[in-house]
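Below: one structure, written as structure tokens.
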Amino acid sequence: AITAEPKIDGLSLSLRYERGRLVSAATRGDGQVGEDVTANARTLDDIPDRLKGFAPEVFEVRGEVYMTHADFAALNARLVAEAGEGEGAKAARQFANPRNAAAGSLRQKDPKVTKSRPLRFFAYAWGETSELPGETQSAVVAALQEMGFQTNTVPQFGLGEPLMRRLDTVDGLIEHYRRIEAARAGLGYDIDGVVYKVDDLDQQRELGFVSRAPRWAIAHKFPAEQATTTVEEIVINVGRTGK
């Protein structure tokens, strides 16, 4: 059995809980040492300060900080309004895309600024643990939902079905990939593919890792988005040398 879930295009974050209470939050960094953003992470509504019904000695939750398209547009509009007059000032204050907006907002020196930004968090994995609330990938992620996190094991943003599925055939995985690809434009946040993972945790441990990449998981990326544009005007200029 293999799980299939959307690959969120955001900023990776690790949350360390000790006896059920949040003690630290760090970005991925170089994979060994990340940036301490604990005070900022505490301001996100999607990150519980204390886990519900599960309090092992150590439990590290991993997921993605992101921003919805609507929240991103509203934030940029607010930043433009605060910048005042002048196109240069307006351009300097705007974020290029939701991922950059999420990363910049989480890394603010003042947690009050982070709190004012519409950040969200999806939990989908774990790191160091002294105890796990399940024996499969799907069971643990479902337990993360029960602990107080947002996950793709339940319908989100008005969607009729969970975007994380447990499937038994390759054809089923590809069919679900196509389903997520078709729903991509209406999700309201950025994803760039689907991640497949072996569901059984004992099999995951047996398969192990190659360097830092797991043998039991793979990302199936979407092709680049394409659109048709119209050339409305061509302006010819004379350069400094007369060309």
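The values are calculated or read from the model by the stated rules, or taken from the named source; none is laboratory data. Everything numeric in this text was worked out from a predicted model, so none of it was measured. Note that each Cβ is placed from the backbone with ideal geometry, even for glycine, and that neighbours are counted across all protein chains shown. Areas reflect the complete protein model, heavy atoms only, side chains present, ligands, DNA and RNA absent. Shrake-Rupley method; radii C 1.70, N 1.55, O 1.52, S 1.80 Å.
Looking across the range 73-113, the residues that are at pLDDT 90 or above, over 30 Å from Leu132 (Cβ atoms) and open to solvent by less than 30 Å² (accessible area, probe 1.4 Å) come down to Leu75, Asn76, Pro98, Ala101, Gly104, Ser105.
Of the residues making up the range 20-43, those that are over 18 Å from Trp126 (Cβ atoms), open to solvent by less than 50 Å² (accessible area, probe 1.4 Å) and of a type in the set (A, V, I, L, M, F, W, C) number 1. Looking at Glu57, Glu64, just one residue is crowded, with 21+ Cβ neighbours inside 10 Å and among the charged types (D, E, K, R), and that residue is Glu64.
For Glu232, the conditions (1) open to solvent by 40 Å² or more (accessible area, probe 1.4 Å); (2) within 21 Å of Leu163 (Cβ to Cβ); (3) not in a strand (DSSP E or B); (4) not small (Gly, Ala, Ser) all hold with the exception of (2). Could you look through the range 137-162, keep only residues that are among the aliphatic types (A, V, I, L, M) and at pLDDT 95 or above, and pick out the one that is surrounded by the fewest Cβ atoms within 10 Å (Cβ to Cβ)? For the range 137-162, the residue satisfying everything is Ala139.
The number of residues in the range 2-38 being in contact with a helix residue (DSSP H, G or I) (Cβ under 7 Å, 6 or more places away or on another chain) and assigned to a strand (DSSP E or B) comes to 9.
Against the conditions (1) among the β-branched types (Val, Ile, Thr); (2) closer than 24 Å to Ser130 by Cα; (3) in a loop (DSSP other than H, G, I, E, B), Thr43 satisfies every one except (2).
Taken across the range 147-158, residues that are touching a Gly at 6+ places or on another chain (Cβ under 6 Å) and in a loop (DSSP other than H, G, I, E, B) do occur, with at least one present. Yes or no: the range 163-173 includes at least one residue that is out of contact with any Leu (no Cβ under 8 Å at 6 or more places or on another chain), among the polar types (S, T, N, Q) and outside any loop (DSSP other than H, G, I, E, B). Checking the range 163-173: not a single residue is out of contact with any Leu (no Cβ under 8 Å at 6 or more places or on another chain), among the polar types (S, T, N, Q) and outside any loop (DSSP other than H, G, I, E, B). In a residue-by-residue description of the range 48-57, the property of being of a type in the set (A, V, I, L, M, F, W, C) and farther than 18 Å from Ala143 by Cα applies to no position. A single member of Gly172, Gly127, Gly134, Gly186 is under 24 Å from Ala73 (Cβ atoms) and either modelled with pLDDT of 95 or more or not β-branched (Val, Ile, Thr) (or both), and it is Gly186. Quick one: how many residues across the range 132-147 are out of contact with any helix residue (DSSP H, G or I) (no Cβ under 9 Å at 6 or more places or on another chain) and of a type in the set (Asp, Glu)? Matching residues across the range 132-147 total 1.
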